[in-house]
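Written out below as structure tokens is the structure these notes cover.
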Amino acid sequence: LQVLKVAILAEKYATDYTWYVDVILKLIRIAGDYVSEEVWYRVIQIVVNREDVQGYAAKTVFEALQRPACHENMVKVGGYILGEFGNLIAGDARSSPQVQFELLHSKYHLCSIATRSLLLSAYVKFCNLFPEIKGMIQEVFRMDHNLRNPDAELQQRAVEYLQLSRIASPDVLATILEEMPPFPEKESSLLAKLKKSKPHVEELVSQTAEKKQRPTALINQDAKRTSGQLLDISPSAESRTLVDIFGSPAAAVANGVSSAATSSNGEPTVNNFPDVLRFSVKNSGVLYEDVTIQVGYKLETRANLARLGMFYGNKTNYSFTEFSTSLCCPSPLNTQLIAQCKPVDSTITGGSQVQQLINFVCEQEFHRCPLLHLAFSFSSTQENQKIFAAKTAMDPEQIRAKVLIGFGPKLLQQVDPNPENYVCAGIINTKMQQIGTLIRLEPNKQAMMYRLTVRSSRDTVASHLCDILSQQF
């Protein structure tokens, strides 16, 4: 169990996955007999899912296999990783394809039937990765102790892999033996095993406060003054569903979204605690929604355990960056309710939704609610848009004259799918810098309206250009 806990902690607090690979391989080397299948399964899953660590993992496990004393679990990890990613280190003469194969096969006769079966799978992968050693591998498949092995599984693999390497063309072989796809992301099997052995064990994740001031949304607590503008958090209607996460702001208002209170310093403050209590008898709903973000939840319970899925939807066209959450359980709630927050993506692209899982263990009855803090940054100041009525008839020639000849940007052809729209690009030259500018003018002849969008590399320029150009049409 201690080895399992070490593996879980290594994964949970790994900031660099090369460090995680080092720790787990060292754990297998030192405590090999006590390393369960879940541990080496998990390191393989992480290596397969992360391209940035695959080459390093192949090199590290190759070096580990060269040690005189090598545990069988290390052979399993080495066989799988080299079979998938051995080509990433094959350029080095010290780890050439033949050296990799001979190193793995030197452990073959010392291993159990299950490990030998895994190594045979690695060998047939080598047939695809390294055609130059296919003959050596086929000789291993032909050996009597493989083709006539009393174990049906191992014998079947040897026979089928031999025929596959003989009959299949290189293209077919590459298709059949292509690299494994990423594993689906789900709860760690290590943590699942720990929960199974000790159902009441849950880790309390303490998250440090952010030093950098950012726009912050506070649920169930008055917002404190920050350097940026706070998001106004207000009650949302119970009838809204998570499926309708990007509904129109007007619909949100119609469903009962009210404005946030304003403090004496002019910044919005929040206290929606009474509204949140309405969800005590609901297992799903939308906690909060405005024109920027929607926060929804779905709750599942079993005995004294609960799993809360939080859904954060970005309703803007801009990405949320530095997105983070922090769950706070004030005393004495922290002894009554144990909470564990799963990581959440730090970036939420425009129009997308991310999920965060929070696990709870109820130790005893409690009367207060946890506080959830959201923090993120986003900016649309580089883009400015205006919709205005046309002052004169919409003559394409006059529009071209004003936009191109008078103002001077370059008209971009076949950029916008609507041929009636005008898309331009230009650079404003100053002594200090060059300011890039993009302009789109969308005329609506039926409504006699224009929509003008200006984007600039400098915040204030987009607004000024939008004001100037909107007066010309």
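The values are calculated or read from the model by the stated rules, or taken from the named source; none is laboratory data. Quantities reported herein were computed from a predicted structural model and do not represent experimental measurements. Here the Cβ positions follow ideal geometry from the backbone for every residue, glycine too, while neighbour counts run over all protein chains shown.
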(message) Being surrounded by fewer than 16 Cβ atoms within 10 Å (Cβ to Cβ) and either under 30 Å from Y422 (Cα atoms) or β-branched (V, I, T) (or both) narrows it down to one residue among N317, N304; which is it?
(response) N317
(request) Quickly run through segment 421-452 and pick out the residues that are among the β-branched types (V, I, T) and over 15 Å from Q472 (Cβ atoms). (result) V423, I427, I428, T430, I435, T437
(request) Hey, can you tell me all the residues within segment 100-119 that are more than 35 Å from the chain's Cα centre (by Cα) and among the aliphatic types (A, V, I, L, M)? (result) L103, L110, I113
(request) For residues that are free of Cβ contacts under 8 Å to residues at least 60 places away in the same chain and aliphatic (A, V, I, L, M), tally how many sit in segment 278-326. (result) 7
(message) Let me confirm something: among Y56, Y20, which residue is touching a helix residue (DSSP H, G or I) at 6+ places or on another chain (Cβ under 9 Å), over 27 Å from L177 (Cα atoms) and in a helix (DSSP H, G or I)?
(response) Y20
(message) Can you find a residue that is in a strand (DSSP E or B), modelled with pLDDT under 90, farther than 19 Å from R302 by Cβ and more than 16 Å from the chain's Cα centre (by Cα) anywhere in segment 349-372?
(response) yes
(request) With the condition kept exactly as written, say whether any residue in segment 387-398 is closer than 25 Å to Y318 by Cα and loosely packed, with under 15 Cβ neighbours inside 10 Å. (result) yes
(message) Among the residues in segment 28-38, are any under 27 Å from the mean Cα position of the chain (by Cα) and at pLDDT below 90?
(response) yes
(message) Looking only at segment 155-186, count every residue that is surrounded by fewer than 18 Cβ atoms within 10 Å (Cβ to Cβ), hydrophobic (A, V, I, L, M, F, W, C) and closer than 29 Å to N49 by Cβ and tell me the total.
(response) 7
(message) Would you confirm whether or not segment 92-108 contains a residue that is in the same structural domain as A158 (by the TED database), modelled with pLDDT under 85 and surrounded by fewer than 15 Cβ atoms within 10 Å (Cβ to Cβ)?
(response) no
